Amino acid sequence: MNENLFASFITPTLMGLPVVIIIIMFPSIFFPSTSRLTNNRLIAMQKWIIHLITKQMMIIHTKKGQTWTLMLTSLIMFIGSTNLIGLLPHSFTPTTQLSMNLGMAIPLWAGTVILGFRHKTKASLAHFLPQGTPLPLIPMLVIIETISLFIQPMALAVRLTANITAGHLLIHLIGSATLALMNISMTTAFITFSILVLLTMLEFAVALIQAYVFTLLVSLYLHDNT
């Protein structure tokens with residue numbers, strides 16, 4: 001009960017050295033590669049889900065945009081598996097760190113923007129000034145559109161960080177309340193525990209949904225620039 005509410009978000013260390021890299025690499029063991037002609041049910045289900053999501057995201061892209069398929073597939077697998085690992089007891093969720101999410105969002109966003117200015121220069125510049133804008137509003141609209149463009153990676157990172165962090169905080173608070181109520185009223189504690197179970201199930205869904213939303217927005221930024 002005396003534990004700091006944000007203790008679970010502190011970067012773990014081993015003998016004074018951060019172990020974030022090991023934690024980030026850990027989910028990769030859940031996506032094994034196989035050389036067998038016939039796969040087991042787990043690998044077959046993974047491949048079916050990956051194929052379904054990839055087809056849904058990449059169907060809107062041109063051939064140039066479809067070259068990002070491997071990047072976006074790896075991104076959604078990484079974020080989804082990392083979010084799920086973070087729901088285990090005594091674990092650490094790297095996606096609760098804004099610095100890490102910005103480290104994913106900024107390069108991907110910058111890549112799509114650079115691609116757009118390289119191959120669709122006129123169309124990319126046209127986004128800064130909508131057609132039919134009155135002459136006095138042109139400077140203001142250019143500034144607003146420029147700010148909105150540079151806010152995109154911040155919105156990507158903050159959305160993922162806020163959703164994952166809020167869910168973990170709610171689980172921590174309701175779990176602490178359940179432990180405290182066990183000494184007061186078992187009925188109330190059971191009701192609180194039921195809410196905790198439902199919230200945990202919701203967090204499993206949120207972990208996957210946020211991975212899909214993050215990747216889908218990157219895919220839409222790519223679509224606008226290819």
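Throughout, read-outs are computed from the coordinates displayed, never taken from laboratory work. Keep in mind that what you see is a predicted model, and the values were worked out from it rather than measured. Ideal geometry is used to build each Cβ from the backbone, glycine not excepted, and the neighbour counts take in all protein chains shown.
Across region 182-187, computed HN-Hα scalar couplings (Karplus, 6.51 cos²θ - 1.76 cosθ + 1.60, θ = phi - 60°) run 5, 8, 10, 8, 5, 5 Hz from first to last residue, x flagging Gly and Pro. Straightening the chain between Ile59 and His223 buys 58.0 nm, computed as 0.36 nm per residue apart minus the Cα-Cα spacing. The phi-based Karplus calculation (6.51 cos²θ - 1.76 cosθ + 1.60; θ = phi - 60°) puts the 3J(HN,Hα) values of region 165-174 at 5, 4, x, 5, 5, 5, 4, 5, 5, 5 Hz, whole numbers, x for Gly and Pro.
Applying 1/(1 + (r/R0)^6) with r as the Cβ-Cβ distance of Leu173 and Ser99 and R0 = 35 angstrom yields a FRET efficiency of 0.90. Per-residue extension of 0.36 nm, minus the Cα-Cα distance of Met25 and Ile114, leaves a gain of 29.2 nm for this segment. As a rough guide to protection, the peptides 178-187, 125-134 ranked by mean Cβ packing within 10 Å, highest first, stand as 178-187, 125-134. Here the label points at Gln66 and Ile106, each 7 Å from Cα along the C-beta direction, are separated by 3.4 nm in the simple model. A crude spin-label estimate for the pair Ala205 and Ile143, with each label 7 Å from Cα along the Cβ direction, gives 4.4 nm.
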